[in-house]
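The values are calculated or read from the model by the stated rules, or taken from the named source; none is laboratory data. Everything numeric in this text was worked out from a predicted model, so none of it was measured. Virtual Cβ from ideal backbone geometry, glycine too; neighbours counted across all protein chains shown. With ligands, DNA and RNA removed, areas are computed over all heavy atoms of the protein, side chains included. Shrake-Rupley method; radii C 1.70, N 1.55, O 1.52, S 1.80 Å.
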Amino acid sequence: MIRVNPIKIRKNISKKELLETVIKKNKIDKDDILEWHIVKKSIDARKKEDIHYTYLIDLKVKNEKKYKKFNSVKTFSMPTIKVNYTSTQKPIIIGAGPSGLFAALTLVQNGITPIVIEQGDCVEKRKETVDTFRKEGKLNPLSNVQFGEGGAGTFSDGKLTTGINSPFCKKVLQEFVNFGAPEEILYLSKPHIGTDHLIPIIKNMRKYIISKGGTFLFNTKVTDFNIKNGKIQSVICQKENQITELPATHIILAIGHSSRDTFEKLYERGVAMEKKNFSVGVRIEHLQEKINQAQYGKNPKLKLPPAEYKLAYHSPSGRSCYTFCMCPGGVVMASSSEKNTIVTNGMSNFLRNGKNANSAILVNVVPEDFKGKSPLSGIYFQKDLEEKAFVLGGSNYFAPIQRVEDFLQNRKSEWIGSVKPSYTPGVTLSNLNDILPDFVSSTLKEGIPYFDTKLNGFANPDSILTGVETRSSSPVKILRNENLVSNISGLYPCGEGAGYAGGIMSASVDGIRCAIGVLENSDD
């Protein structure tokens with residue numbers, strides 16, 4: 001393969017036209033091309049008068065020496081996995097989020113059939129439960145936006161961007177395409193799938209895993225762990241009123257960042273864990289049309305996708321404020337997983353064609369900010385804030401909201417302006433300063449005006465803040481060694497809940513890594 005120089009395209013063109021342009025610009029003989037693919041496609045909007053696409057292209061040619069002016073590139077191949085799994089018991093995966101699913105996929109692709117235990121529903125039924133909560137405010141604590149097949153990322157924007165550098169990132173993207181994702185996620189600089197595509201993709205993954213011998217136990221909650229002489233022996237599960245003990249020598253703990261009762265049980269059973277930094281804040285909504293104008297100008301020549309943004313502010317106080325999980329053309333989701341709490345998140349469908357844009361604005365929280373020596377203290381900090389938001393919203397799963405102008409001036413909102421809140425089942429006009437910790441409020445009040453200097457209109461007085469966002473990452477880290485095993489032999493802490501990932505991509509990669517750990521280190 002050879003990689004041609006990046007090419008700038010200033011119009012919307014087909015893949016056929018793109019190839020013709022590459023051939024002409026680089027003086028390549030069309031008959032020499034055996035195959036080609038787009039490596040990367042990105043939008044350069046730094047100059048509003050010259051917004052363009054930048055493409056990076058690889059070509060497989062008959063005679064590379066003829067094109068020695070171009071760099072050669074190696075074809076990606078997965079690292080070799082040495083399967084040493086000798087246990088007579090099937091490995092168990094607790095949790096069917098991205099890390100759990102990709103762990104299961106990796107195991108079955110290497111001839112080992114796992115049991116996947118998920119306290120929530122399969123993704124199709126889970127969507128029905130989520131829709132009911134959004135319409136009627138009826139919460140199912142076992143199956144909701146946080147719990148169920150696909151994990152919390154299912155009801156998000158489906159972003160596949162990540163800060164990690166792993167050879168498994170390409171595998172994750174390719175597997176998503178294999179199970180139904182659009183091929184463009186393989187090369188877009190900021191790939192996303194969207195909730196509407198994720199649901200059938202996850203279903204297809206499950207069907208494949210089952211076809212290869214894997215087992216899924218839905219609506220089944222792990223309630224206890226049987227540990228003897230520092231080794232995992234079995235897990236205790238409950239489905240409705242039926243209690244079952246499942247023996248296991250290898251368990252991948254992919255429980256997600258909201259499994260608070262499971263964290264407590266693991267701590268009680270002596271699993272080593274510690275506090276970690278996390279973030280809390282609110283969701284902000286703008287009109288997507290205004291975000292597009294701020295990023296692209298009023299009359300871009302190209303047909304462009306809904307605009308995104310990513311912003312950060314560092315306060316003189318030492319705090320950081322940043323946007324997170326920005327959802328173009330999306331909605332703010334009711335994301336509670338426990339009764340009498342309010343939790344928000346953002347969601348977009350693949351087309352991102354909603355009227356509003358939304359994003360979390362978060363402030364960092366460190367262990368010194370919350371009371372207690374327990375490694376679970378961060379959980380209690382989160383829950384306290386969520387319970388306060390529930391009361392402020394009216395104790396009926398309505399979310400407390402506030403116009404940005406009113407928040408900055410510390411007064412309760414009395415009316416809604418040009419930006420209409422998208423959160424359902426309902427909202428309550430409030431003053432979010434009443435429940436947010438002082439260091440969060442003060443940092444947000446510095447950050448929002450600063451963001452307006454970087455993205456015109458960010459601090460629009462009518463922009464809507466919805467409280468609260470508390471589940472951006474786990475407040476707990478379950479410790480593991482270089483073989484990815486905890487202090488309990490056979491127990492593999494994995495993904496976001498264990499503190500080793502921060503999004504769909506990194507969680508999926510960690511699931512692959514933990515599955516390889518199980519495959520290669522059978523005698524832990």
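Amide H contacts under 5 Å for Thr424: Ala334, restricted to partners 5 or more places along the chain or on a different chain, H placed in the peptide plane at 1.01 Å from N. With each label modelled as a point 7 angstrom along the Cα→C-beta vector, the Val39-Lys11 pair spans 2.7 nm.
When the alpha-carbon atoms of region 1-101 are used, the pair Rg, Dmax equals 20.8, 65 angstrom.
For region 153-297, the Cα-based Rg and Dmax, in that order, read 20.1, 65 Å.
Legend: residues Asp452, Asp438, sorted from most to least accessible area (1.4 Å probe; ligands, DNA and RNA excluded), read Asp438, Asp452. Cross-link pairs exceeding 30 Å in C-alpha to C-alpha distance, out of Lys170/Lys445; Lys11/Lys190; Lys171/Lys265; Lys231/Lys477; Lys15/Lys301; Lys74/Lys207, comprise Lys170/Lys445; Lys171/Lys265; Lys74/Lys207. Summing +1 for each Lys or Arg and -1 for each Asp or Glu among the other residues whose beta-carbon sits under 12 angstrom from that of Ile23 gives 0.
Would you mind telling me the share, in percent, of accessible area of region 386-492 contributed by carbon and sulfur at probe 1.4 angstrom? Looking at region 386-492 in its full context, I get 48 percent from C and S. The residues packed around Tyr397, meaning those with a beta-carbon under 10 Å from its beta-carbon, carry a net charge of +2 if Lys and Arg are +1 and Asp and Glu are -1. Between Asp462 and Ser189, the modelled label-to-label distance comes to 3.2 nm, taking each label 7 Å out from Cα in the direction of the beta carbon. For region 383-463, the set of GluC sites (Glu not before Pro) satisfying both a DSSP loop assignment and a count of at most 14 other C-beta atoms within 10 Å is given as Glu414. Candidate membrane-span-like segments in the chain, meaning DSSP H helices with Cα atoms spread over at least 20 Å of their own axis and a Kyte-Doolittle mean of 1.0 or above, are 504-520, with no membrane implied. Ranking of His286, His314 by solvent-accessible surface, largest first: His314, His286 (1.4 Å probe, protein heavy atoms only, all chains present). All alpha carbon pair distances within region 198-263 were sorted into 5 Å bins beginning at 0; the resulting P(r) in whole percents reads 4, 13, 19, 22, 21, 15, 5, 1, 0.
Arg269 exposes around 90 Å² of accessible area when a 1.4 Å probe is run over every protein chain in place. Antiparallel versus total DSSP beta bridges in the chain: what percent is that, nearest 5? Of all bridge pairs located within the chain, approximately 80 percent are antiparallel. Computing Kirkwood radius over Cα pairs in Å for the structure here picks out one of (1) 23.6; (2) 22.8; (3) 24.4, namely (3). Here the contact order of region 440-524, divided by its residue count and restricted to Cα pairs under 8 Å and six or more residues apart, works out to 19 percent. Here region 283-354 has 51 percent of its accessible surface on carbon and sulfur atoms, given a 1.4 Å probe and all protein chains in place. By the Cβ-Cβ criterion of under 4.7 Å, the unpaired cysteines of the chain are Cys122, Cys169, Cys237, Cys321, Cys325, Cys327.
Of His250, His37, the residue with the largest accessible area leads and the full order is His37, His250 (1.4 Å probe).
Highest mean packing comes first when the peptides 71-83, 91-103 are listed by Cβ atoms within 10 Å, giving 91-103, 71-83. Based on Cα contacts under 8 Å between residues 6+ apart, the chain shows a relative contact order of 19 percent. Computed from the C-beta positions of Asp384 and Asn26 and an R0 of 51 Å, the FRET efficiency is 0.25 to the nearest 0.05. A DSSP coil position with no more than 12 other Cβ atoms inside 10 Å describes none of the GluC sites (Glu not before Pro) in region 1-81. Averaged over its residues, the chain has an accessible area of 44 Å² per residue, based on protein heavy atoms and a 1.4 Å probe. When shorter helices are ignored and each DSSP H run of at least 4 residues is given -39500 (n - 2.57), the per-residue value for the chain at 222 nm works out to -8500 deg cm²/dmol.
With both labels modelled 7 Å from their Cα along Cα-to-Cβ, the Glu245 to Glu264 distance reads 2.4 nm. Surface calculation, 1.4 Å probe, protein heavy atoms: Thr344 sits at approximately 0 Å² accessible.
Per-residue SASA remark: Lys138, around 130 Å² accessible (1.4 Å probe; ligands, DNA and RNA not included). Rolling a 1.4 Å probe over the protein heavy atoms of region 41-157, with every protein chain left in place, gives an accessible area that is 48 percent carbon and sulfur. Dividing the mean sequence gap of close Cα pairs (under 8 Å, 6+ apart) by how many residues region 203-330 holds gives a relative contact order of 12 percent.
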